[in-house]
Structure formats: structure tokens, C-alpha cells
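Below is one structure, written out as C-alpha cells; the observations come after it.
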């Protein structure tokens, strides 16, 4: 019995993944290296292969609150992380001119008001808003009131019943500095970095699995598991394994972006800004040492020269580098995990940065891989489960992005006319119809965006419900009005005592001595 068990254990040990090779650095590569080197047991050898000659996409990143959990997983000190990456705080995203010219709304993180036993808070607000006695939605969330005043603080731990405890935040940071920071952590945890260009990828004849990377200098690196973080090049998952790509550009037609940094300007805002232009939109990401800017557009409706001129004429500060043009096709790989290769980040798909989901999707891909971590047998049911979960995540985020474009009322703008009249996935149309009737919103499974997010975008884009949840009428209009007034007043008082965003950073995590990465 003992000999049999020992033989089984030995066989199982022989099946264990030993060598993991990550192709590509940047944010995705070093996030993967940092997480795997921390979470996997000793005995795993992790190598990251990257070339200094190949630039990465990131020129500044905006994130969503889940990034805090990832940083905590790595045991990062938040103030130190902020200093090392020239980061600022983010309470949400302001959308300017998205519904129509002149519109502005904030999609804030966190909750709206206080949900009641019978119905969600927003249903009570909806009744009074339709009656003309309640202010707009933004008045009922600290994550939308505070950024309008340039205020920020972390949620206090000793005030559980205060709106201050509802503050939910993420970060803006320099992507190059974040990758450099995580590289140092990864190498301290045993990750080996190899510099150079890959000139060939060898696969096994019997099953097509990736076996060896051949480098320009003659070195060869073998592995059991390969992780493709090579960005839009998709060196392993596509060029080698020819996995295939699912094109979503008929729903999300923007296919190009021009990015450029500029000098910082006051006030230092605690939110990302997205401003709609005639064939796309412009991002503004405030960092401590500069502001990241970009213009996402559709080349079928606008030339790159015109897009660049629009971007450069709408900057807050002086240009710090040459503008960079990036081409992309929104969509995803048909399989994020194919054979012994898993694609992370842009190698796995491209979701335009409208809702700052790119880094979140790297994070969830890493955690999904850890939960389904293979042995050298690469059981197909594990791979299929990973791919099914990945597909679901991509589709739900895709639908949320489509909603922004579909719900516009721009006039005399061919790009926006196309978006408004295009046929959308059935689930998107169902959500629109469901909200339009009685303001109902239902979250699907474990999708990323909660009710509050869908609500803020649909309302902000001008979609209006014909009625509200009938059970709200159990309370009198006077009672509901008093309830809403108290929530609004309490939030306003809390924001009054908050420091400005710049003051909070100066007091806690200013990066006075950090040298910025090249744009």
C-alpha cells in the first residue's frame, strides 16, 4: 500500500508544472510574474522574456477598484505604490458630451444612497425624480459629489454608518513605472528576466504544444506553461498557435488611438475624463507628474491627422512627447487558453479603455489561471472552463461598453448616427427595454458592473424609465422625499469636511523623488 502510494505521488510530482515562461513585459507581463511568483509553491521556475527594443502600449493607466485587491495580494504598501508610480486617486469617470453635446455625468464607483428592504434606493429616487422633486442622481453618491469638488480621502475604518465609509476608489498611475515597480518585486521573488528578441517558436510534433523559444542571440528557453503577454503582437497565441480572433468592431467600431502626455494642470482631479468628439472620444488621466491623454477614434469616419489635430487642440498643458498612433480591433481570441499557452492582456483581446477595464482583465485572468492551474497533462476540461469564464467576462464588459455608444442622441454626426442605429446584442437591447419600462436593472451572474454602474450610464446617456417599481408606493411621497433629502444632506456635509485630492496626496503619498518613466 505504501509503495503504491509513493509511486502514485512520484508520478503526480513528475506531472507538475516546473518551468513557466512569460513572453512580454509591460503591465500584463509583470503583473503576471509578480502574482505567480508570490502565489505558486516553491520549485516553480518563472522566466520573463522581453525586449527593450519593443515598446509597450501603456502611456498612463486608469483602473477600477479591484486593483486594490491585487495590490493587497502582493502585499504592497499603498502609499509606497503611489509614490513609485506617480499615482493619483480615482473616484470614477466623467463622461462629457456622450449623450448629446453639452452633457456631463459621472459614473462613480461604489453605492448610490441606501438600499431599502423593499426596493433599491434608486427606485425611490426614480419616483421623486419623475415627479420633479428630486435632484439628479449624482447628488446621492459620495463618489460623484466629491469629485465634482475635487475632494478625496480614504474611507475611515471607524465610521461604518457614515457615507465616508462608502468611498470606493481606484488609481491613475504611470504604466511604465508600475511595470518597473512590479519587476523589482518579481525579481526579488525569484523571477528571472531575459532580455532579447524572439526569432522563432518551436512546437512539439505530437500535439502542437509550445516547447522552445529561440532568441536572436542564439539562446533557447524551454517551458511547460507559456503565458503570452506580448500585447497586440500575440506572438504565441496567434502567430504560433493560430487561435483565431472574434471581431466585435461592428458593435465597437473605434479602431485607432493617438496618445500623448502633457504637463499637469491644477486642480488635480480625482477622476478620469472621457470627452466625446465627432468620431470617437478623448481620455484624460491625471497623474502626479503629468497628464495622460488620448483620442480613440474610428478611421472609417476620421483620418489620423484630423484625430491628432483634435487631440492636440484639447489638451490642458504643454505636450511632453511625440503623439503615438495605435491601431486595434476590438474583440477577443477565440480561446484565451490554447494547448499550453494562456494569453493575458492585449494578447488575449482588446476592449477599448472607455471604462478602464484593461488592467482588471489581466488581474482576473491571473486569478482564473491560479484557480485552474494545470499540471503537464493540461486537462481539457480545465482549459474549457477557463475559456468559458473568460468569454463570459469579455461579453458582459463588451455589452456595457456598447451601451455607451448606443444611447447617444448626437445630431449630424455620421459616426454617432451609426452607433445609435446599429443593431446591438439581444442582451443589451433587453437591458434597455427593461429599464425603459420600470427602471429595472438585473445583474447577470458574476459580471463586473453592478446595478449602480448600469444605472449611472443609462441615466447619464439620457435613457428614461416610464415608471418605477410599484412596491415603492408602499411609502408616502412625503416620507420618500424626507428620506432622499436626508441622504443628500448627509453626503454634502461629509464632502465638506474632506480635503482636496491634491492636499490628500501631498500629506500621504507624494512622489517628490521619483523619476518618471519615458512616455
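The values are calculated or read from the model by the stated rules, or taken from the named source; none is laboratory data. None of the values given here were measured: they were computed from a predicted structure. Positions of Cβ are generated from backbone atoms using ideal geometry, with glycine treated the same way; all protein chains shown enter the neighbour counts.
Okay, here's what the table says:
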item: Residue 464 assigned by TED's automatic domain parsing to the domain that holds residue 109, out of contact with any helix residue (DSSP H, G or I) (no Cβ under 7 Å at 6 or more places or on another chain), more than 25 Å from residue 357 (Cβ to Cβ) and assigned to a loop (DSSP other than H, G, I, E, B); result: yes
item: Filter result (in contact (Cβ under 8 Å) with a residue 40 or more places away in the chain and over 24 Å from the mean Cα position of the chain (by Cα)) within the range 138-161; result: 139, 140, 149
item: Output for the range 241-255, where each listed residue is assigned to a loop (DSSP other than H, G, I, E, B) and either crowded, with 19+ Cβ neighbours inside 10 Å or under 24 Å from the mean Cα position of the chain (by Cα) (or both); result: 241, 243, 244, 248, 249, 250, 251, 252, 253, 254, 255
item: Residue check for residue 19: under 30 Å from residue 211 (Cβ atoms), in contact (Cβ under 8 Å) with a residue 24 or more places away in the chain, surrounded by fewer than 23 Cβ atoms within 10 Å (Cβ to Cβ) and outside the structural domain of residue 498 (by TED's automatic domain parsing); result: yes
item: Which listed residue is loosely packed, with under 14 Cβ neighbours inside 10 Å, within 30 Å of residue 389 (Cβ to Cβ) and more than 21 Å from the chain's Cα centre (by Cα), from 473, 433; result: 433
item: All positions within the range 434-452 that are farther than 15 Å from residue 115 by Cβ and part of a helix (DSSP H, G or I); result: 434, 435, 436, 437, 438
item: Tabulated pairs, the range 318-333, first at pLDDT 95 or above, second exposed (fewer than 13 other Cβ atoms within 10 Å of the Cβ) and assigned to a strand (DSSP E or B), C-beta under 7 angstrom, 6+ apart or interchain; result: 329/247; 331/247
item: Residues of the range 191-240 classified as closer than 18 Å to residue 336 by Cα and under 27 Å from the mean Cα position of the chain (by Cα), total; result: 15
item: Options 427, 478, 503; residue that is modelled with pLDDT of 95 or more and surrounded by 15 or more Cβ atoms within 10 Å (Cβ to Cβ); result: 503
item: The range 352-382, subset assigned to a loop (DSSP other than H, G, I, E, B) and touching a strand residue (DSSP E or B) at 6+ places or on another chain (Cβ under 8 Å), residue surrounded by the most Cβ atoms within 10 Å (Cβ to Cβ); result: 356
item: Candidates 98, 125, filtered to the one that is assigned to a loop (DSSP other than H, G, I, E, B), buried (at least 23 other Cβ atoms within 10 Å of the Cβ) and touching a residue at least 24 places away in the same chain (Cβ under 8 Å); result: 98
